[in-house]
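Q: Before I ask anything, here is the structure I am working with.
Every read-out reported here was derived from the displayed coordinates using simple, explicitly stated rules and does not represent laboratory data. A quick note: this is a predicted structure, and the numbers were derived from the prediction, not measured. In this analysis, Cβ positions are derived from the backbone assuming ideal geometry, glycine residues included, and neighbour counts consider all displayed protein chains.
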Amino acid sequence: MREAEEVERLENMLKDFRAARNRTVTRILAWSDARSDAEIARLASMPDEYVRSWRARLTDEETVTPPGT
């Protein structure tokens, strides 16, 4: 019983950590300070492909967001 609770606690901590990392990477991408995908990936300790995907999604969201929102 205690092991299951500890595993659940650790899983929740990991989810929180990943969510925080995702928010941080999204903020870094939004800065538009000419950082390359590779540099951002290195800072976030994640693969370049993830950063490229995030950048593409952010760019898509910016272009389809209706004016005034």
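Q: Obtain the nm distance between the two label points defined at T59 and T24 by a simple spin-label model: each point lies 7 Å from its Cα along the Cα-to-C-beta direction.
A: With each label point 7 Å from Cα toward Cβ, the separation is 2.5 nm.
Q: From the backbone phi of the stretch 37-51, what are the Karplus-calculated ³J(HN,Hα) couplings (6.51 cos²θ - 1.76 cosθ + 1.60, θ = phi - 60°) in whole Hz, Gly and Pro given as x?
A: Rounded to whole hertz, the list is 4, 5, 5, 5, 4, 5, 4, 8, 6, 9, x, 4, 4, 5, 5.
Q: Quick one: if you stick a label point 7 Å off each Cα along the C-beta vector at E5 and S45, how many nm between them?
A: 2.9
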